[in-house]
Amino acid sequence: MDEQEGGGAPVGRRIVLGMLALGAFGVAAGARLQQDVNRALAPIGDIVPGGGGFRYYSVVSSVRRRTAGDYRLKVSGRVSRPRTFTMADLAALPQTSLTLDFQCVTGWRVPDVPWSGVALPDLLDACGADPAAGALRFTSFDGLYTESLSMEQARRRDMLVATSMYGKPVTHDHGGPVRLYAAPMYAYKSLKWLGGIEVADEVEPGYWELRGYDVDAWVGRSNGRDDAPTA
């Protein structure tokens with residue numbers, strides 16, 4: 001899912017899906033989905049409510065940290081120039097900054113979060129993405145989390161390969177050194193610990209879509225929620 005920290009400090013690395021009371025927040029999911037989510041996360045640890053602001057989420061028990069020096073982002077699939085980007089390579093591409101709300105499908109929202117990084121359209125152009133390709137598939141270096149966007153969605157200027165948050169490098173607990181920030185969508189689309197992007201033929205449901213969430217996760221227009229849009 002998405003991720004969070006409270007007051008700048010992580011709630012805990014093994015604390016997952018705090019406040020994930022699906023029914024209480026009006027998410028369009030039945031008791032069966034709630035049970036499936038709980039079973040999927042059972043090995044991770046206790047479910048503990050977090051305070052205001054971001055909360056820490058992960059779908060695995062631990063994630064190996066990667067430094068700015070050893071980080072790599074592989075872009076593959078239907079591209080004419082497959083590339084593996086270092087942090088320096090990403091910094092050399094055109095930079096985009098956004099300040100927008102961050103909305104979780106479980107109900108919490110953090111206003112006016114400043115992000116910076118490489119807009120997905122610029123990254124795709126740098127790799128020569130096939131204009132006839134239909135989708136992007138994202139993988140996390142946690143080894144389990146996946147996500148997808150249609151090519152039309154990925155070409156929006158508010159879809160970001162984020163390297164900076166609040167004017168500082170994205171921390172490990174926020175999904176760094178590099179994470180996806182899908183500004184107009186619920187936070188489970190903003191994949192943490194971004195390790196790979198594949199330009200593909202079609203959208204493939206990601207980790208949370210396979211567990212009942214909407215594939216098209218527009219804030220206020222999906223998952224049975226009516227939150228104000230974030231972008």
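The values are calculated or read from the model by the stated rules, or taken from the named source; none is laboratory data. Note that the coordinates shown come from a computational prediction; the quantities given were computed from them, not determined experimentally. Neighbour counts are summed over all protein chains in view; Cβ atoms, including those assigned to glycine, are modelled from backbone coordinates with ideal geometry. Quick note on the areas: whole protein, heavy atoms, side chains included, nothing else; ligands and nucleic acids left out. Shrake-Rupley method; radii C 1.70, N 1.55, O 1.52, S 1.80 Å.
Which length gain, in nm to one decimal place, applies between residue 61 and residue 144 when the Cα-Cα distance is subtracted from 0.36 nm times their residue separation?
Working: separation 83, 0.36 × 83 = 29.88 nm, distance 1.09 nm.
In short, 28.8 nm is gained.
For an R0 of 25 angstrom, estimate the FRET efficiency from the Cβ-Cβ distance between residue 132 and residue 210 and round to the nearest 0.05. Show your work: numbers first, answer last.
Values: r = 27 Å, r/R0 = 1.06.
So, using R0 = 25 Å, E works out to roughly 0.40.
Please work out the FRET efficiency for the pair residue 202 and residue 81, using the Cβ-Cβ distance as r and a Förster radius of 30 Å; give the result to the nearest 0.05.
On the way: r = 22 Å, r/R0 = 0.73.
Between residue 202 and residue 81 the formula returns 0.85.
What ranking do 202-210, 101-109, 220-228 get when scored by the average of other Cβ atoms within 10 Å per residue, highest first?
Ranked from most to least packed, the peptides come out as 101-109, 202-210, 220-228.
Working with all protein chains in place, sort 60, 199 by solvent-accessible area computed with a 1.4 Å probe, largest first.
Working: 60 25, 199 0 Å².
Sorted descending by solvent-accessible area, the residues read 60, 199.
Highest first, please rank the peptides 110-122, 176-188 by the mean number of other Cβ atoms sitting within 10 Å of their residues. Please list the in-between numbers first.
Details: 110-122: 18.4, 176-188: 25.3.
In descending order of packing, they fall as 176-188, 110-122.
Can you tell me how much longer the chain between residue 231 and residue 89 gets when fully stretched, taken as 0.36 nm per residue apart minus their C-alpha distance, in nm with one decimal?
Working: separation 142, 0.36 × 142 = 51.12 nm, distance 2.76 nm.
Between residue 231 and residue 89, full extension yields 48.4 nm more.
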